[in-house]
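Bear in mind that the values in this text are calculations on the coordinates, not laboratory data. Quantities reported herein were computed from a predicted structural model and do not represent experimental measurements. Every residue, glycine as well, gets a Cβ built from its backbone with ideal geometry; the counts of neighbours run over all protein chains shown.
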Amino acid sequence: MNLIDTHAHIYAADFKTDQRETLRRAQEEGVTRILMPNIDHTSIDAMLETEAQHPELCLAMMGLHPCSVKKDFQQELYRIEAWLNQRNFIGIGEAGIDLYWDKTFLAQQQEALQVQVDWAVKFRLPLILHTRDSFSETYEIIARNQHENLTGIFHCFSGTAEEAKKAIDLSFYLGIGGVATFKNGGFDKVLPEIPLEKIVLETDCPYLAPVPHRGKRNEPAYVKLVAEKVAQLKNISVEELAEVTTANAKKLFGLK
């Protein structure tokens, strides 16, 4: 089985003592690529070091996470833009809006997202969207900026069938992770409505571990558990699910 984890913070401090073993477990479960979204300037070194040590497995993106958007967000964006002009990355992100904790920096988050939308179009790279408690606010900006070069993933999607359709209509994919395995996640009703050709798999490790590891550290190997659950809800074999979602990720990110 060939699986791609399209969203993993495998460079995080949570994996400092056992990153190599964690990556080995992922490969043993059929994971062939692990795509790494950036957080802010403090995470870049660890992410690029991970990519340098495992260039065939771990691939880096570049962006500014909405939870890192504070008063100094423009300085963060300058640093990220410098990296984008310096070398190639496979995507822009993780970008977006997060209103889970508070709305203090909503205006700044909106501005930072707009800048990253412009980069995605300019560099012709997929845009990875974080939309916690902010689907409508994020959707509004993406819809306003529709462009032939603007595509990407609504990461950690856990919305309604209507929201799924709205995202897909903007030429975006839906990133499905551990939430799909949660008993009260509501995905048993939504997933059957989502076209298989618009689904990619992710872990968002070290966060959001799927059942039966819920509440513990997540890792890329667990993307197989997500695949098994999604296949069950789509009423197809896990092999077919893996084949199509991997093809989707390769198409979106231009992977061979």
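Overview of results
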quantity: Over the range 125-256, equivalent-ellipsoid semi-axes from the Cα gyration tensor in Å; calculated: 22, 17, 14
quantity: Span-like helix ranges in the chain, DSSP H, alpha carbon extent 18 angstrom or more, Kyte mean at least -0.5; calculated: 106-123, 238-253
quantity: Nearby lysines by direct alpha-carbon distance to LYS103 (threshold 23 angstrom, same-chain neighbours under 8 apart not counted); calculated: LYS70, LYS71
quantity: Neighbourhood charge, 11 Å Cβ-Cβ cut-off, centred on HIS147 and excluding it, Lys, Arg +1 and Asp, Glu -1; calculated: +1
quantity: Environment charge at GLY159 (Cβ cut-off 14 Å; Lys +1, Arg +1, Asp -1, Glu -1); calculated: -1
quantity: Calculated FRET efficiency for the pair TYR100/LEU196, C-beta based, R₀ 25 Å, to 0.05; calculated: 0.30
quantity: Set of lysines with alpha-carbon distance to LYS251 below 25 Å, sequence-local pairs under 8 removed; calculated: LYS122, LYS165, LYS166, LYS198, LYS224, LYS229, LYS234
quantity: Structure-derived Kirkwood radius over Cα pairs in Å - corresponding label in [x] 19.6; [y] 19.1; [z] 18.0; calculated: [z]
quantity: Listed residue (HIS147, ASN2, PHE123) projecting farthest to the positive dipole end of the chain, Cβ model; calculated: ASN2
quantity: Per-residue [θ]222 nm for the chain (sum of -39500 (n - 2.57) over DSSP H runs n ≥ 4, rounded to 500); calculated: -12500 deg cm²/dmol
quantity: Chain lengthening between THR160 and LEU255 when straightened (0.36 nm per residue, less Cα-Cα); calculated: 31.2 nm
quantity: Normalised per residue, the volume of the convex hull around the Cα set of the range 19-157 (Å³); calculated: 118 Å³
